[in-house]
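Colleague: Have a look at this one before I ask anything.
Here, each number is a calculation from the coordinates, and none is a lab measurement. Model, not experiment: these values are computed from the prediction. Ideal geometry is used to build each Cβ from the backbone, glycine not excepted, and the neighbour counts take in all protein chains shown.
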Amino acid sequence: MASLRRVKVLLVLNLIAVAGFVLFLAKCRPITTKSGDSFHDIHPRAEVTNLTAHGISSIQDAVLKRLSLLEDIVYRQLNGLSKSLGLIEGYGGRGKGGLPATLSPEEEEKAKGPHEKYGYNSYLSEKISLDRSIPDYRPTKCKELKYGKDLPQISIIFIFVNEALSVILRSVHSAVNHTPAPLLKEIILVDDNSDEEELKAPLEEYVNKRYPGLVKVVRNQKREGLIRARIEGWKAATGQVTGFFDAHVEFTAGWAEPVLSRIQENRKRVILPSIDNIKQDNFEVQRYENSAHGYSWELWCMYISPPKDWWDAGDPSLPIR
């Protein structure tokens, strides 16, 4: 933590110093010398202008180079946090682009126990980057829609109990990476009294260092169940809108704006984004075509085909009631 703080201080001091130097040069005037009763510029004004412009351009290049270097230093410091947990950051690696991830025969043997424990291949999840890229399956018209800049902020609430740490952190990274910063008020992790040690101090230390002030952890002292756990997350939320999610999800670009826009139009709305599938064995992202969520009489969640009037409208960007 102290090392990270030193890097941040170094970054701020460098920025202040460089900004001051640029301002100093911008305010400088051509040097003059006295000859008799008049003053003459050492350089013709055109030459001075060109020289100043060239100098500022060089300084800007130097600033960008230094910022890139400092950014790389800070990233390496932060990336070290995940390495200490045996996890990976960055946009490449296994499962990149939402493609199926694989294990070697030796790794397959090690993965059997964790797979049975969590109901998905948690061993493989640890080999997939927390920041992996996934496909954008939105219809073309959805990508072309424009939204106002005054959308409300959202508090994202994840509920979990004994979930694999890598899956929880991929959910958090994905939310941060794909939610515009002005719209993301906070992320709240509600632990419904998990038993796993890695979900206690290791989880809390990671999110506090990686996303200071952005991620909160709420812990139930006894197992409350899904709905009470959601209520505890809602109590801790300070955003204008609250979004409740399982802690094993990955967000795509542009997910937040249409949701917040619809709620801004009518605050009584409850919105459910279109949900694709992440396969439990290989973490492949599988597209689910246009459908609405609903329930059977036994209250099993199911996908429902949109009504005829929605299909007749011929606009896949329209919401499905």
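Colleague: Which of Lys65/Lys185; Lys117/Lys200; Lys96/Lys209; Lys96/Lys279; Lys127/Lys279; Lys149/Lys209 have a Cα-Cα distance over 23 Å?
Modeller: Lys65/Lys185; Lys96/Lys209; Lys149/Lys209
Colleague: Check Arg94: other-chain or 5+ apart residues with amide H under 5 Å from its amide H, H built from backbone geometry?
Modeller: The answer is Ser129.
Colleague: May I ask you to order 188-198, 168-178 by the average number of other C-beta atoms within 10 Å around their residues, highest value first?
Modeller: Highest mean packing first, the order is 168-178, 188-198.
Colleague: In 5 Å bins starting at 0, how do the alpha-carbon pair distances of region 76-120 split up by percent?
Modeller: In order of increasing distance, the bins hold 5, 17, 15, 24, 25, 11, 3 percent.
Colleague: Evaluate the distance, in nm, between pseudo-label points positioned 7 Å from the Cα of Asp195 and of Gln264 along their respective Cα→Cβ axes.
Modeller: 4.6 nm
Colleague: Rg (Å, one decimal) plus Dmax (Å, integer) for the alpha carbons of region 145-275?
Modeller: Rg, Dmax (Cα atoms, Å): 14.5, 45.
Colleague: So which lysines can Lys308 reach, going by Cα to Cα under 23 Å and dropping same-chain residues fewer than 8 places off?
Modeller: Lys141
Colleague: How big is the dipole moment of region 164-321 about its Cα centre under a simple scheme where the beta carbon of each Lys and Arg is +1, that of each Asp and Glu is -1, and everything else is neutral? Debye, nearest 20, please.
Modeller: 640 debye
Colleague: Can you give the FRET efficiency to the nearest 0.05 for Glu109 and Asp246, using r as the Cβ-Cβ distance and R₀ = 22 Å?
Modeller: Here the calculated transfer efficiency is 0.15.
Colleague: Sort 112-121, 87-96 for me by packing, meaning the mean count of neighbouring Cβ atoms within 10 Å per residue, highest on top.
Modeller: 87-96, 112-121
Colleague: May I pose another question? Can you compute the modelled spin-label distance between Ser317 and Thr140, with each label point 7 Å from Cα toward Cβ, in nm?
Modeller: 1.2 nm
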